[in-house]
Amino acid sequence: MRLTMPKTDLSTLLLLAGVVLPILEAGARKAVHPPCSQTCGTGMPAKQNLTYPFGFSPGCPIRLNCTEGGDALIGEFLVQSASPDTVTITIEAMCNRSFGSIDQLYGRNYAPTVKNSVVLDNCTQINPCNVPNTQVIGAQFQSLCKASNKTNNSMSCYSEQANDYSTKFLNRTRLFALGCTYFVSSLSEEEVNNVAVSLGVQILQLEWWVNGDECECSQDSDCVPLSGLPNGGRNGFRCKCKDGFRGDGFLAGTGCQRAKSSPDKKKEEALKVLTIVLPLMVLLVVSMLILGVVYVIRRKRKFAEVLEDWERDYGPHRFRYKDLYIATKGFRDQELLGAGGFGRVYRGILPTSNVDIAVKRVSHESGQGMREFAAEIISIGRLRHRNLVALHGYCRRKRELLLVYDYMPNGSLDKYLYNQPKVTLNWMQRFGVIKGVASGLLYLHEGWEQVVIHRDIKASNVLLDAEFNGRLGDFGLARLHDHGDDPQTTRIAGTVGYLAPEHVRTGRATRSTDVFAFGAFLLEVACGRRPIKQEDTEDVILVDWVFSCWDRGDILEARDPKLGVGFVEEEMELVLKLGLMCSHANPLMRPSMRQVLQYLDGDLLVPESSSIGISSARLTFAHCEGSDSLVLSSSVAESLLSGGQ
């Protein structure tokens, strides 16, 4: 018996089949995926800890190669790591790598991002390297590739940023249009700003995706849709688990699982924190306390000062060592103004008042006599005269004494006389300095409550302020005594060439010995020569030389030749003759500082040579045995200074 079906029923079934079968086929494709394995063909798991969609089997959307050791490769390049949006591969620099190997970086599911630059060689179209450190990279390129057999070494770079900032990937068409022969290396965005960038081994970033118009992500993940991809402008997507979930996020992968911690595990982690972190914190606190105590002790020792009971009477004149240390920036060499036999002088600015000062560091090895020495220094600190460098106070620390003076911006007079600076003092300035020092010395001898014997008058101890006014300074050798009393000092002190003969013989310093030194200073300023000039055959004594010029009837011949004709003859002659008068070997024949100032002001006339005991005998100097100082001698019994006009 033969069964037949009506035509209307058959056509209805065929129509239903045409509608249902495609739906079922699509559902089957969506529900069933071939497996994706992250194990190499050798059975070794990948070292890079890969997850879906990366793997080594046909069911993996991004299929990788694998080495025998379990390293994942994209083409011939080693995979460093794979993140939720990028793959990082290693590019080893090679001069002979074919340019075509770049094609391995463009797959159906990945492509190089604009965060990369590629280094190329032997290109028909030269493209400049628009990356930082081009010279460094170029030098490494030459060092790497100059030994190759290629006849043409011309490095080029390709960076998408230089062409189009709107794209996300390196444009394969423009890259291959350069017509290059070799692909040398790459530079990532993280490395191009590194000064120590190296072409040897670099990394390159690829952005990856899974092809498809619809996201196939698990419920607890977010879908990142992508469009306009390099493989023909298709669409793709990536899956990323939400916060609090772990996994690859894909339906075909492991999906997303909530990241849970058991109560026992939480307790174990908390206990681990207490057993490790707490002792470290205690150790850190104790270490900080110990370091703090050591710092305080060392700081106190660093700024420790000697303070005895008797010094409390001089409190207003004493400075804190810490303030002087800060003022001179730690007594650094850049603040050094000069150095001499009595110490080093530094410039400083007091932190409390912003006043410029000069700080002299004097070594005082012996504790005996320190009280008397400091008392005299403090007494001198009370001196106030416009032609004296003011001593503001002192500071004692260990075996060191620090003296604080006014800062003189133009330094000492001697550098303008001998060192030939750019600025040369003219005669008017020199004459003003002479009168200023004479006024200050008169104040020391007669104008203060005690007599102050300076004992070291010379050009290097005369300082110049901002207006080139002369100020007498350096009272380190000064001695004080009451008016009417005789000085009791019996130790020779001073500088060779400025020492009076009687001071060398007796050791007593008086106002008259200061006048003798002032006479040498007068000749020094007028002649521009030191009191003793060393020459090949013998030493030339300045006072002898000036006297010889006077004896020949031309005392102005002794003037400083640097002055030229720019001086007043009457003033020059007065200074030279006054210098000889003050240098008289007989202290009774020397004028007082009051008379010296009257001569300089024109209130007194210089007497005739005969009236001051000057005859035509020759002047000579001889060394005093057992002393570095000099004494004056003569062949004339009644006078050691002789000559006639």
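At a 10 Å Cβ-Cβ cut-off, how would you order E160, E449, fewest neighbours first?
Numbers: E160 22, E449 11.
Ascending number of Cβ neighbours within 10 Å: E449, E160.
Give me the one-decimal nm value for the distance between modelled label points at K242 and R594, 7 Å along each residue's Cα-to-Cβ direction. Once both label points are built, they end up 10.8 nm from each other.
Could you work out the local net charge near T513, counting Lys and Arg as +1, Asp and Glu as -1, over the other residues with Cβ closer than 14 Å to its Cβ?
Result for the neighbourhood of T513: +4.
Which FRET efficiency, nearest 0.05, do K260 and T67 yield, Cβ-Cβ r, R0 45 Å? Efficiency for this residue pair is about 0.80. Which is farthest toward the positive dipole end of the stretch 414-634 among I532, S548, G566, measuring Cα position about the Cα centre, with Cβ charges +1 (Lys, Arg) and -1 (Asp, Glu)? Toward the positive end, the furthest listed residue is I532. Over all other residues within a Cβ to Cβ distance under 9 Å of S592, the charged ones net out to +2, with Lys and Arg as +1 and Asp and Glu as -1. Full extension of the chain between R172 and K562 gives 132.3 nm of extra length, using 0.36 nm per residue less the Cα-Cα distance. As a rough footprinting exposure proxy, the listed residues V565, V389, V296 were ranked by other beta carbons within 10 Å of their own, and the order from fewest upward is V565, V296, V389.
Here r is the Cβ-Cβ distance between I297 and T275 and R0 is 35 Å; the resulting FRET efficiency, rounded to 0.05, is 0.55. For the stretch 414-634, the calculated P(r), taken from all Cα-Cα distances in 5 Å bins from zero up to the bin holding the longest distance, is 1, 7, 15, 20, 21, 17, 12, 5, 1, 0 percent.
Please give me the summed charge of the neighbours of G566: other residues whose Cβ is under 14 Å from its Cβ, Lys and Arg +1, Asp and Glu -1. So the environment of G566 carries a net charge of 0.
No value in this document is a laboratory result; all are computed from the given coordinates. Just so we're clear, the structure is a prediction, and the values are computed from it rather than from any experiment. As a convention, Cβ positions derive from the backbone with ideal geometry for all residues, glycine included, and neighbour counts pool all protein chains shown.
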